[in-house]
Amino acid sequence: MVTLHLNDYDISIGEMGKPLQRLIAAGNYTKIAVLVDNNTYRHCFPYFLQNIDFEVVAIEIPAGELHKGLDTCRFIWSEMMRLGLDRHSLLINLGGGVIGDMGGFCAATYLRGIDFVQVPTTLLSQVDASVGGKLAIDFNGVKNSIGVFQNPVAVLVDPAFLRTLPLTEIRSGFAEVFKHALIADADQWRNLQQINDLMTVDWASYLAPSLAIKQRIVEEDPTEKGIRKALNFGHTIGHAVESYSIADWGFRISDSAPQSEIRNPKSEMSHGEAVALGIICEAWLSHKMLGLSASELNEIVAFVKRFYPHWPLAEEDFPAVFALLKKDKKNVGGRINFTLLPAIGEARIDQFCEVVVIEEALRFYMQ
Ligand SMILES: NC(=O)c1ccc[n+]([C@@H]2O[C@H](COP(=O)([O-])OP(=O)(O)OC[C@H]3O[C@@H](n4cnc5c(N)ncnc54)[C@H](O)[C@@H]3O)[C@@H](O)[C@H]2O)c1
């Protein structure tokens, strides 16, 4: 068991049973509810129950981002009331980033806030979403637009949950794992070079260094005024291309660009695939703007291509992608804002690039 101590809570990495038992014993909670979706109810809840000896009630919701909204919150709050949760009750969020974000939001607002524990079950939520105190739901078509900053009482990261996770979800989280290394830890980047097959990785050894990077950054800048923006490496272009690829979700696009500019294109991309594309483009921008060496650029590109399929981006996609890039919430005064790398393991925030240079970066990916 590895424990990372944050200012007001701990992240435990290893079997979740013992730290959870200790926390429950110390908390003297009146009632304990576990929020699950239909997948984590099936794949994760049985293991969870095997590892505890206290009573819990489950609240089950449908899986997926489409359910990360107010209607589901209403259902969760209603269930919490129906089950008799009071101010001294605890909510345990057993699932991926959707469960963690929405369960955390519901707990932080129920009766003006009750304790909650994050038990993340996807690689993305284990290395990223469960740490940093950002809790949100999607509203009126805008992702994560209603929410609060509130820390859990603990985060329990148990790699055993990853055994049932499909490759697309592993890829999604893996993009965050190597992004953390690229922005802050050249040694961890070198360790990651040993990985060849994402489905046979012993994640236990990679989780702690990755989490430690996110922990360090969010503690230094909890509300994203400065260095926390480093975590956006790969995400400026990544988010734009991801939104474009899922344009038939309309709701995500509607606030970001006029519908007329969006031509629904090819296959939908997962978040991880989009971030991987974004990392290739933004590594090229780093080379062009900050002198990231050609050998490090090539190293990054070869690594990403080892794990992620090529997405058929074409010149005809550029207008829609730029319409989305121009609406990025990180932009300042209409200028498109990036985090770039002068070298592997170092990040520079607030780097502004002209449209023609960004077009070149997209063409670099297309080669
Ligand atoms: N709060 C933050 O700082 C932060 C950071 C990054 C992402 N996010 C949010 O996280 C969400 C994405 O998280 P995610 O990728 O974990 O998505 P998710 O919660 O939708 O999980 C992905 C899928 O995997 C299933 N699943 C979860 N655990 C499983 C397991 N162990 N075995 C089999 N299937 C399992 C889920 O049911 C779901 O179908 C987005 O809503 C995003 O906005 C938040």
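Quick notes on this structure:
- Think of a 1.4 Å ball rolled over the protein heavy atoms: region 1-115 then has 49 Å² of accessible area per residue.
- Helical contribution to [θ] at 222 nm, DSSP H n ≥ 4, -39,500 (n - 2.57), averaged over the chain, rounded to 500: -13500 deg cm²/dmol
- For q = 0.10, 0.11 Å⁻¹, Debye-computed log10 I/I(0) when each Cα of the chain counts as one equal scatterer: -0.62, -0.75
- Top of LEU124, LEU231, LEU23 by mean-square fluctuation, Gaussian network on the chain, Cα under 10 Å: LEU23
- Quotient of Cα Rg and 2.2 N^0.38 Å for region 164-247, N being how many residues it contains: 1.18
- Karplus-based coupling profile of region 66-78, in residue order and whole Hz: 4, 9, 8, x, 5, 4, 5, 4, 4, 4, 5, 4, 4, with θ = phi - 60° in 6.51 cos²θ - 1.76 cosθ + 1.60 and x standing for Gly or Pro.
- Distance violations [Cα-Cα > 21 Å] among LYS143/LYS305; LYS143/LYS326; LYS134/LYS179: LYS143/LYS305
- Stretching the chain fully between THR3 and LEU167 yields a gain of 56.3 nm (0.36 nm per residue, less the alpha carbon separation).
- FRET efficiency for LYS329 and GLN150, using Cβ-Cβ distance with R0 set to 25 Å, rounded to 0.05: 0.75
- Under 5 Å between amide hydrogens, built in the peptide plane, is the criterion, and for ALA63 it picks out ASN38, ASN39 among residues at least 5 positions away or on other chains.
- Long-range HN-HN contacts of PHE116 with modeled amide H, under 5 Å: LEU91, VAL153
- Residues listed by number, region 322-345, amide nitrogen under 20 Å from SER293 label point at 7 Å toward C-beta: 340-345
- For the chain, built as a Gaussian network whose Cα springs stay under 10 Å, the top-fluctuating residue of SER78, SER12, SER243: SER78
- Reachable aspartates and glutamates, given that their alpha-carbon falls under 13 Å from the alpha-carbon of LYS329 and they are not under 8 places away in the same chain: GLU224, ASP255, ASP350
- Solvent-free Debye scattering, log10 I(q)/I(0), computed from the Cα coordinates of region 171-366 at q = 0.08 Å⁻¹: -0.25
- Förster-model FRET efficiency, 45 Å R0, GLU60 and GLU315, C-beta, rounded to 0.05: 0.45
- For VAL57, residues with placed amide H under 5 Å, excluding near neighbours: ILE32, ALA33, VAL34
The values are calculated or read from the model by the stated rules, or taken from the named source; none is laboratory data. Just so it is clear, the model here is predicted, and its values are computed rather than measured. Please note: Cβ atoms are built from the backbone with ideal geometry, for glycine as well, and neighbour counts cover all protein chains shown. All accessible areas refer to the heavy atoms of the entire protein, side chains included, with ligands and DNA or RNA removed. Shrake-Rupley method; radii C 1.70, N 1.55, O 1.52, S 1.80 Å.
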